[in-house]
Amino acid sequence: MRANPRPNDNRLANFCKYKEVNCIGDRCVVRRGNIRLRLTNRRAPRFPISSWNQYTRTLLRMARTNNVCEGYHSSLRQLCRQKPNVFMATDFVRREIRRFNKMIR
């Protein structure tokens with residue numbers, strides 16, 4: 001996209017219309033012939049809110065990002081700074097099991 005769209009550039013209007021139709025629901029228009037009488041309620045959106053990626057997690061007030069996964073991956077990488085052997089890996093798994101058991105109690 002250009003930094004400064006021209007005034008007659010209708011890409012923003014097209015994008016807004018796309019979001020309205022697909023995410024919010026288009027407004028129904030009552031017409032008689034070529035005359036537009038009034039706008040009525042909205043149609044159901046093409047993609048219902050329940051299918052949005054983070055909808056359920058938001059309702060349950062759960063994390064919506066992968067920061068938890070990144071933190072866990074970081075702890076795994078700390079294990080691998082040295083050349084891990086079976087004993088180091090076993091120790092790490094035991095610590096993780098203990099930590100997990102504390103969290104669920």
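The values are calculated or read from the model by the stated rules, or taken from the named source; none is laboratory data. All values derive from a computational prediction rather than experimental measurement. When we count neighbours, we look across all protein chains shown, and the Cβ atoms used for this are built from the backbone with ideal geometry, even at glycine. Ligands, DNA and RNA are excluded from the accessible area calculation, which covers all protein heavy atoms including side chains. Shrake-Rupley method; radii C 1.70, N 1.55, O 1.52, S 1.80 Å.
Data overview
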| read-out | value |
| --- | --- |
| Candidate aspartates and glutamates - alpha carbon under 15 Å from LYS83, same-chain residues fewer than 8 apart omitted | ASP91 |
| With all protein chains modelled, accessible area of MET103 [1.4 Å, Å²] | 120 |
| Protection proxy ranking of 90-96, 48-54 - average other beta-carbon atoms within 10 Å, highest first | 90-96, 48-54 |
| Accessible area (Å², 1.4 Å probe, nearest 10) - LEU60 | 110 |
| Residue list for the stretch 49-78, given a label point 7 angstrom along the Cα-to-Cβ vector of LYS102 and an amide N cut-off under 12 Å | none |
